[in-house]
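Values in this text are rule-based calculations from the coordinates and carry no lab data. Source: prediction; values computed, not measured. Positions of Cβ are backbone-derived with ideal geometry, glycine not excepted, and every protein chain shown enters the neighbour counts.
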Amino acid sequence: MPARQRILILDDEHDILEIYQEILARLPSQPEIHTSDTGSRAIALLESDPFNLLLVDLRMPQMDGFQVLAIVRRKFPTLRVVVMTAMEDEQFRARAYAMDIDLYIEKPKTGKEIIHFVDCIESMLEKEDSGGFRGVQSKTLVDIVQLECLTQSSAILKIASAHGEGRIWIQRGEIIDAATGECLGKEAFLEMLRWKAGSFEILPNEVPRPRTIFSSYESLLMETAQTIDETESDRPPAEEENPLAGFARYKGVQMVVAVDGTDPTKVEHWGSDNAEELAAWVHHTTRALHAVGERLEGGPLEQIEALGPQRHLAVISSDTQDLAVGFTRSATLPYIRETMKQIEAKWVS
């Protein structure tokens, strides 16, 4: 049985420590949560026992967060570090990323922000360091852009990869411009989001930048996912490749289960730990709702949407097969519905 992951939270406010300890104790991976109210005690804890993740505030008396980061990066270079702060300061954000942290996030205030925060922490715990963009390990550039937009950041993402260098300008959580090589605007943004690995740097967005991109970041990410999916579909798949794995290219998709319309024991799945149980529920529920629709003359069943504490679920149904798609908790209903339109178009093709 694998050892439980260990998280250390550093903040000088005891109420904050109690709140985050309670929130993170509910993570699906059930990590061990340890707390410290001073930088010196946090360093001592890190020296005495191994930890997987450090969450650190910046503004603290005596030894502040930046002093802690300097020591941590020297003594524990592989430790994953998340800065969580109430300070909306782009200079501090840039300085923290320059110290090789994994994520800079403002302390969540709303329910949606708390869900996003928990998803980020769980993602860092469950993924190995296997590529991605340096600064947010195991994350694609799509993930990094979404993090910056969800936190309403105003910054410049400076990106470097084997394909070249580029910049993405973000203003109050909206993407306003991009540039790489001779490409500008939306074309440059879509090009950079195809890059699989590299490094990035957060720069303060101090000089006004003319806006050339007017689509929302959700629409841009959807278009990118569709473009990449169409490009990949032109390549001959390996014989052993799971066809449902292709849906993982859509942002936020965690698992997919396909159920035969007449025999619920015929199940295909990707990313699900309890595919048979979910398939039985999907088959029973869709057939029951089909019957209700016929009885009430309400028309065919279009889609089922369920919002849960660990993930959200959407189900589309046909006469021959049902398809259930699990989304991360931070996915909004409008985003889920738009994504399911894209998935359904590919599913029936």
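General remarks:
- Using Cβ point charges alone (K and R +1, D and E -1), the dipole size of the chain about the Cα centre works out to roughly 740 debye.
- Distance between segment 1-67 and segment 69-108 - C-alpha centres, whole angstrom: 14
- Using a Förster distance of 22 Å, the FRET efficiency for Q152-E206 (Cβ separation, nearest 0.05): 0.80
- The chain: relative contact order as a whole-number percent, Cα under 8 Å and 6+ apart: 10
- Under 5 Å between amide hydrogens, built in the peptide plane, is the criterion, and for A178 it picks out W169, G185 among residues at least 5 positions away or on other chains.
- Here's the picture: charge each Lys and Arg Cβ at +1 and each Asp and Glu Cβ at -1 in segment 6-220, and of F189, L79, I9 the one pushed furthest to the positive end of that dipole is F189.
- Extension reserve of the E277-E305 stretch, reckoned as 0.36 nm per residue once the Cα distance is removed: 8.3 nm
- Charge-dipole axis of the chain as Lys and Arg at +1 and Asp and Glu at -1 on Cβ define it, positive-most pick from L296, S219, N205: N205
- Three semi-axes of the equivalent ellipsoid, the chain, Cα gyration tensor, whole Å, largest first: 38, 26, 18
- Loop-located trypsin sites (Lys or Arg not before Pro) across segment 242-302 with a Cβ neighbour count of 14 or fewer within 10 Å are K266, with loop assigned by DSSP.
- Using every pair of distinct Cα positions in segment 241-348, the Kirkwood expression returns a hydrodynamic radius of 14.0 angstrom.
- Ranked F214, F76, F327, criterion: other C-beta atoms within 10 Å, fewest first: F214, F76, F327
- Charged-residue dipole, Cβ positions (Lys, Arg, Asp, Glu), segment 241-348 about Cα centre, Debye nearest 20: 460
- V118, V257 arranged by Cβ crowding within 10 Å, fewest neighbours leading: V118, V257
- For segment 241-348, with +1 on Lys and Arg beta carbons and -1 on Asp and Glu, the positive-most of Q342, P264, W281 along the dipole: Q342
- Taking packing as the residue-averaged number of other Cβ atoms within 10 angstrom, the listed peptides 95-101, 50-56 run from highest to lowest as 50-56, 95-101.
- Going from the residue with the fewest nearby Cβ atoms within 10 Å to the one with the most, I33, I159 rank I33, I159.
- Mean-position separation - Cα centroids, segment 290-340 and segment 163-197, in angstrom: 33
- The length gained by stretching the chain between V348 and R194 to full extension, at 0.36 nm per residue less their Cα-Cα distance, is 52.9 nm.
- Approximate spin-label separation R172-E18, in nm, with each point projected 7 Å along Cα-to-Cβ: 3.7
- Nearest 10 degrees, 0 to 90: helix 217-233 Cα axis against the chain principal axis: 60
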